[in-house]
Each structure stands twice: as structure tokens, then as C-alpha cells.
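Below is one structure; the comments refer to it alone.
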Amino acid sequence: MNNTEKQINTFQDELFHELSDFLSTQKARFPSDEILKIDLHCHDHNSDVPDELLGRILNLPETWTSSEQLMETLMKNDCDTLTITNHNNTRSCYELREKGIDILTGAEFSVTVPDFDIGIHVLAYGFTKDQEKMMMKVRKNVYAFQEFAFQNDIPTIWAHPLYHYSIKGTPPFSFFSKMLLVFERFEVLNGQRDTWQNMLVKVWLESITPEMIDTLASETGIDPLKYCRNPYKKSMSGGSDSHMGIFSGMTGTYLYIPELRKRLETSTRSELALEALREGRMAPYGSHQNSEKLTIAFLDYVCQIALYRTDPGMLRILLHKGSDQEKIIALLISNGFAELQRHKVTMNFVEVFHNSFLGKAPGFTKRLFVPRVYKPVFDDALKIAANYTSSSDRIVDNYKENIASIYHKLNSILFGRLNVKVEKIRQQENGMDITLNNLINHFEIPSEFRALLENTRKIATKPEDRMELPNIPDLLDGLSFPLLGSALILAAHFTSSRVLYTTRPLLQTFSEKIGKLEHPKKMLWLTDTFGDNNGVSMVLKSMHDEIKSRNLPIDIMVCSNTIEPDDHLIVMKPVAEYNLPLYREQSIRIPDYLEIHHIFHDGEYDRLICSTEGPMGLAALYLKNAYSVTSYFYLHTDWVMFAKKVLDLDRGNLNRFRRLLRAFYKSFDGLFVLNSDQAKWLTGREMGFEPETVHPTAHWADENFVPGKDSRKDFPGVQESDPVVLFAGRISHEKGVMELPEIVSGLKETFPNLKLIVAGTGPAENELREALPEAIFLGWVDHTELPGIYSSADLLILPSRFDTFSCVVLEALSCGLPVIACKTKGPKDIILEGTNGYLVNSNPEFIEKMNGFFRDKTTQAEFRENALRRAKQYNKEIIIKRFLQQVGLTGTVHPE
């Protein structure tokens, strides 16, 4: 078992035990035959105006669940006393009363705390219609609201105290101190919140003493007797907060009624419940949870939107209150559901899934008309329906397993079909003129409405810019349902985590303040490359060695079919793997994003860093936004230079590419850069990053890079007295290798015995071999053999203008080998001109400086000594210590 497995769930275990002890204590407080069981927080279709702005823009209710369906679920889960707490209205309660149903009137009011400009939710019970009207008038001021409720003996509960609305930033702790004085009942078990949030509220309330209440009252000038019967007694409640009706009653409150059987002879259950609430005779019940219930609820909500939504209208979206970003998101969501509703197969399954969540299994005959490939998915939907009658302690796990099974089956169908289509396209590639410039032009979206409506465009009108591409409808044929289905499931997981953890900074601050239940500080490092033959992989392997040896709270995650897992190394199997025609040297491996979602939560990470801009880069953005964690990006590659030199982008598309990179990098909270040029570019006018978000860092040379024996004569055709120039790295155009023939030719005019040794492989190798037939090509050289090669050369040459750091420069210096390189980026920061090497701007300068170097033995000796001295300045201990400080992990080294 590796360290990751040893540490997994330790925080969750702490939460689980905290909750279990609490539930046991609460259950034992009252005699089981003298309690009412009620869900004090549940919703139906009359919660039709959401607090979330996005829902209001799209004109969506919070649920379409009927009152009858809600009542059925509550009674299924053994609730013997009923209430419905819709947002800012009691319509459902009065409608049911008119039908003769005994129900406690209730509502969840959106209330503002004016001195903090924070919106909270307050549950209230037992009020009249006239009182409701007054409460709606005063709800813009929590103090007036609570005073009115207290004067009229209306019990209130502060719902989910660590989740707020209309909030800018993290509320100060003084906000909670004030609310402690105006509320005497608190919801500590909310069925849609995770155990961490719930237990933080519980621990906080348990820490409150009468002395603290008196001190807070004195400091704030608030008299708690204006709002509370007994300000020193804080009662706790529970409620499912279920909107879809799936989990209603599974979290709730036991209300203690002495002599219950006798009291029921003269009083209704709703009357007794109101009495118990007023007197604080209550004990919450529920179960441990993370985001599973909310995920399932959102998945069903998405199904209901697809089934019942209507077009909100463009004017509503454009003219509604909200930011431009929120309106763009609303427009995209509206169009997404519009397309979904056009797809008959998908909509049939959406209906099946929604009914299954309600326990309504589709008939056997319906299965007969399901395509064979989708029958396993249909069967999982049947299992979801069967779960409806499962015991409450297993239903969530069963739902989770069934939904995951559906997701993976849809993914399997999706990528199985996609692989066939990609292979067909690959076979047709020879007849297609595909360039990245043409691809970008082809998929450019026109900004003119007429062009969109008439499908005309002013882009790529030149004959040379036109190209034949695969037919898009043919490409998407057969992919729509598995793509949409798996996307909906992933979106439900994303949204549930987003809602739960949007207040993560508050939760962490709150836990630190109360000194308990602090989330571990632990980082996940995502990368698309680890076992490949490139510089990024080499750097990450060195970092992984240090993470292991120091047992740092960092795990690296990579997607691969060949790498073996290790301590602090998580290896995911790709669901698909492709080679792009424009860059075949690096495979694109598609990870299972749902698996990443679960790994991040179960691994208890609270921050992340990413090293690559591929599928794992997208996963990093997904996790950052889903879990509201701090995120960093480590820039290893200058992609703008790569796009210009290798992908041959024209100026217009290069600007588009740069803007795309800027948008991608802007999504992270901080960037790690390896050279001063990169930092200057990012903080300059073109990119516009704030200097404090750009963190300088560096690599180090592994300990085996030390001066060794000069074994040049062991290379074929090399004499001990021959000058030896070494090139080490990827043999590709962006590395400047095709400058070597001119440079070597110029040098041989003065030093005819000069030898060039090339260590590495790459796409330009054959071209370079033809241009330099006398050079010695070593092929790919294992990292452990490089020190001997460095020690057998006189000078390392690096004609690249592409390297962001250039590990080979530092490795060479560590072995006492001077370096000559282009005056740019990483080499410019490492090489000290005229001291341990040379920095040049042109091939003639390369030749001139190298001629002078080989003529002067004294300079060669001095450069070797200075090289070793410079290399030692890239101290591994200092670099790692500074890195841990920059990502906020100082002092978090785990003991072995």
C-alpha cells in the first residue's frame, strides 16, 4: 500500500466519527415512543423563484416536484409529522390544509443581514397568512425579522449557517458572532451539505458558553433577549433540504413530546411539533455524506429541465440583472438544453432516468425497443428505480454505483465509436490538406448575425486557405447520446461539488478559528507526460523522487497505459489515446474525468498544480472550479514560439493562439515560470498578468551529474586531442538543430579535427544526419549515462530559442562543461557571459566565440571551474523550500 492509500480518508474518518458520536448522543436524548419525526427543511414545486441568479435568468423553478410526490417520499421515510418549507411562500402548506391534511405551516425566507450585506436563509414555522405578509416586508433586515418572529412566538431556524447568498468574499467571524445572538435554533444537519460543513456548525455551537454570549452582547451592543427565549440555549435541527423529493425525510429532526400518546388525543401533530420547536425540544438525525445526494439531486434536476423547460427568450437573458459572464453562461446553457431536446434517443433516456429516480421503472416492452448497445444502460436505469425502496442507509451508495456504471458504459460506447471514426479519418489523411492555420480559420465563429443566420462567412475565402475536412454530421452520427449522457452525469457531479465547496475559504477559516476539523493541506499535481522522453517528464521524475524521499503532501497524477503506480504517483488508465496529425511525437491520452473527480475528493486535496496544457490541463480547470481550490500552473513550454516555429501559424492565428493561452493561464491563481523573459512576457501588455501571481522557480541537476572521467576516445573516430562539441536534447526544428551544420562548417575551417556528438532523438534526426554525416549520433541516452558524456566534451552547444529553462545547461555545468547558447529565456538566466559560457544572437557569433574558446586553454579551464561554481547556486533544498512556501505547503511534511 502506498502513502496515498495510507493517508486517504483520514479526514473523512474524523468527520464520520464526529458525526456518528453526535447522532448516537442525539438519538439517546429522548424516549423513542415520545418523539415526532419531521423533515424541517424540504421543498416542492412552489419553490419557483430560486435565489441563484442563473436560475432566475433562465426562468427555471427550483423543482417541479409535486406536493403529493413529496408527501409520499416523506411518509416512505417514516416521517409522521409534515411540513413544507418553500422559498418565501406557504402556498403548498395551505393547499394541503384545504385538502384536510394536517401540516405545520413553514417557509424558508431569504433574509438579508444589512450590516454585512449577506443573504441567509431562515426557516420559520407556525405563522399565519397575515404574519407571513409582515415577515416578507421585514426580511431585508434580519434583526427586524427575528424581532418580529420572537414577539409573535414564531420559531425560526438559521438554515445551513455556512452557506450564504449575495455574498462578496468570505464573511468575517464577527458576522457569525452577531447571528449567534439573534438565533437560538440552528440547522446542524442539512441533507444537501457535506458532513464537514454540518460538523463545523455543530462543533462551533458546542463551544459556545454563557460567558461568551455575555461578552459578545457587550461588544456588539445587541440584546439577545430581543430575539431569544433563552440566549444561552442553542438548539440544533436537521432537514433534508431536498428539492427533487428523492431524499426527503432521510435527514430531519426528532421532536420530543412528553406523554405523546395522550397528547395526540387532544392535539394535532402539527400543533405538538410547533410547541416542541418553540421550547427547543429537538434532536437532529441523518447520516454521513459528501456530495452524493446533491449530485443525484442535480442529475434529476437536469433531467427535469430537459423535460419541462421552455425558451426564456433572448431579451430576458440580455436585459436581466446579472454580469455579462452570467448572461453568456445562461445563453450557452439555454442553447445546450435546446439541442438536447432535439435529440429523441437522449430525451427518451432522460425521461427513463427521471422516472427511475421516482421509483417508476419503465415497462418491459420499452426495453424491447432499446438498441442492443444501450440495453446495459437501460438495465442500470432499472436498478435506480429498484433503489427507491432500498433502506435509507444504502440508497445513496446504490444510486452512486448505478450512476457511475451508466457513465462508464456511455463512455465506452462513445470512445469505441469515436475510435472507429478517427481511424477512418486517418486513412483519408493523405487526401486532405490539413494545417493548423486552416483548422483555426475553419472553426472561427463569425460575429455578424447575418453570417450566422445565412451560414455565410468572410473567413478562409482564399483558395489556398480552403481545405477539405471530415463531414461534421457524419462525425457526430452515433456520438450524440453517449456524449450528452456522460456529459450530463459529469455536469451533475461538477455542479454538486461547486455548490458544496463554493464557500471553501470560509470553511477553512472557520475550522481554524474553532480549532477543529481543519482540512488537510495537500496538493495534486496533474500532468499529461511523465514517462515520455522529454524534458518535462525528466523534471517531474526528479520532483517525484524528492516528494517520495521527503514524504511531501503532494501526489502526481498522470494518465498512462505503461507507467506503474508508485508512492505519491497516481496512474490512471486512459479511456482513449490519439496521435494528432499535426504533432505526432506526443500521444494525447484522454482520462476518465469522473474518476479524477472522485480521486480528488477521496484523496483529500485542497489545492492543485498542473504542468501541461492538454487533457490534464482541462481536468485541472474542472477540479479548480468544482472544488473551489487554489490552483497553479507550471509553465514548462513556450507554446507561442512552438506554434510559430513548428506549427507555422500565421500572424493572425498566432494572436488567436496567444489569446487562447492567456485565457487558459488566467484561469489559474498563480503561474510558475522558469526564466525572466517568461515572467516579463506574462506581466507585459500582451498577457496582462499581475506580477504577484507570477512566481519564479527553477530546476536542479540530479546528484549524479558531477564531473567524471574524460572518455572521448571511446567514441568512434574521436581522438583524445580532438575538440568535442556536444548537442544534447530533442532533435527537432524548434531546438535549432538545423543551425548546427552552418556552425560546425564554420568551426572546421579553423579546427578541422573538431567533432560533434549528438545525444538524443527527434523528428528532425534524419534531416540532420544528412546535413552532418560526420557527426556522431548516440540516439536516446539514458539519464544515468549523460554525466559521462558531458564529462567527455569540451563545450555544450544549444542553438535553441525555445527552451524555457534548459535542464541540459544546468546538467552540463554540474559536470564542469561550459555552454554556448542563444541569448534568450532559460539559458540567458543560467549562463554568465564570458564566465562559464557564452550567450550569442547569431550563427557568426556562435562560430566566433567557439573559435576563441578552443584557441585558449586557460579560458577553457577557468570556464570549467566557474561552471561548477554556478551549478551549485541552483540548490535543490532552496528551490524546493521556496516552492513549498509559494504553494502554501510550508511545514506540512508528513512523517514516515
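The values are calculated or read from the model by the stated rules, or taken from the named source; none is laboratory data. A quick note: this is a predicted structure, and the numbers were derived from the prediction, not measured. Cβ placement follows ideal geometry from the backbone for every residue including glycine, while neighbour counts extend to all protein chains displayed. Calculation scope for accessible area: heavy atoms of the full protein, side chains included, ligands and nucleic acids excluded. Shrake-Rupley method; radii C 1.70, N 1.55, O 1.52, S 1.80 Å.
Observations, loosely collected:
- Taking the DSSP bridge list for the chain and keeping only pairs wholly inside it, about 30 percent are antiparallel.
- Percent carbon-and-sulfur accessible area, the stretch 836-895, ignoring ligands, DNA and RNA, probe 1.4 Å: 51
- Accessible surface of the stretch 637-794 [probe 1.4 Å, protein heavy atoms]: carbon and sulfur percent: 49
- With contacts taken as Cα pairs under 8 Å at a separation of at least 6 residues, the stretch 551-680 carries a relative contact order of 16 percent.
- From most to least packed by mean Cβ count within 10 Å, the peptides 296-307, 188-199 give 188-199, 296-307.
- For the chain, convex hull volume per residue from C-alpha positions, Å³: 197
- The GluC sites (Glu not before Pro) of the stretch 707-789 meeting both criteria, a DSSP state outside H, G, I, E and B (loop) and at most 14 other C-beta atoms within 10 angstrom of the site's C-beta, are Glu720, Glu749, Glu774.
- Accessible surface ranking that places the most exposed of Cys822, Cys807 first, with a 1.4 angstrom probe: Cys807, Cys822
- Here is the tail figure for the stretch 628-700: Cα pairs spaced more than 15 Å apart come to 56 percent of all pairs.
- Those chymotrypsin sites (Phe, Trp or Tyr not before Pro) in the stretch 717-811 that DSSP places in a loop and that have at most 11 other beta carbons within 10 Å: Trp780
- In the chain, taking the dipole from charged Cβ atoms about the Cα centre, the farthest positive-side position among Gln131, Thr65, Ala679 is held by Gln131.
- The stretch 113-249: C-alpha pair distances exceeding 24 Å, %: 30
- Summed over the residues of the stretch 177-255 and divided among them, the accessible surface reaches 28 Å² per residue at a probe radius of 1.4 Å.
- For the stretch 775-896, the solvent-accessible area works out to 41 Å² per residue, with a probe of 1.4 Å and every protein chain left in place.
- As a rough guide to protection, the peptides 318-329, 88-99 ranked by mean Cβ packing within 10 Å, highest first, stand as 88-99, 318-329.
- Cα principal axis extents for the stretch 807-896, largest first, Å: 55, 25, 16
- Tally of Lys pairs whose C-alpha atoms are under 29 Å apart, taken over the stretch 273-362, 8 or more apart or cross-chain: 5
- Length-normalised contact order for the stretch 722-816 - Cα pairs under 8 Å, 6+ apart - percent: 40
- The residues of the stretch 632-767 expose on average 47 square angstrom of accessible surface per residue, using a 1.4 Å probe on protein heavy atoms.
- Order of exposure, largest accessible area first, which applies to Thr630, Thr389, Thr697 with probe 1.4 Å: Thr389, Thr630, Thr697
- Percent RCO, i.e. relative contact order, over the stretch 773-834, from Cα pairs under 8 Å lying at least 6 residues apart: 33
- Those aspartates and glutamates that a straight Cα-Cα span of less than 17 Å connects to Lys541, excepting residues fewer than 8 apart in one chain: Asp528, Asp532, Asp555, Glu564, Asp566, Asp567, Asp702, Glu703, Asp782, Glu785, Glu811, Glu877
- Whichever lysines have a C-alpha closer than 19 Å to that of Lys825, once near sequence neighbours (fewer than 8 apart) are set aside: Lys644, Lys645, Lys680, Lys735
- Hydrodynamic radius of the stretch 740-853 by the Kirkwood approach over all distinct alpha-carbon pairs: 14.6 Å.
- Stokes-Einstein diffusion for the stretch 522-577 at 4 °C, viscosity 1.567 mPa s, with a Kirkwood radius from C-alpha pairs, works out to 113 µm²/s.
- All lysines inside 25 Å of Lys857 as judged from Cα atoms, apart from same-chain residues fewer than 8 positions distant: Lys709, Lys713, Lys748, Lys755, Lys823, Lys828, Lys849, Lys872
- Bridges between two residues of the stretch 526-588, per DSSP, are antiparallel at a rate of about 35%.
- The stretch 509-608: trypsin sites (Lys or Arg not before Pro) in DSSP loop, at most 10 other beta carbons within 10 Å: none
- Linear extension gain, Gln151 paired with Lys133, 0.36 nm per residue minus alpha-carbon span: 4.9 nm
- Within the accessible area of the stretch 85-182 (1.4 Å probe), percent carbon and sulfur: 50
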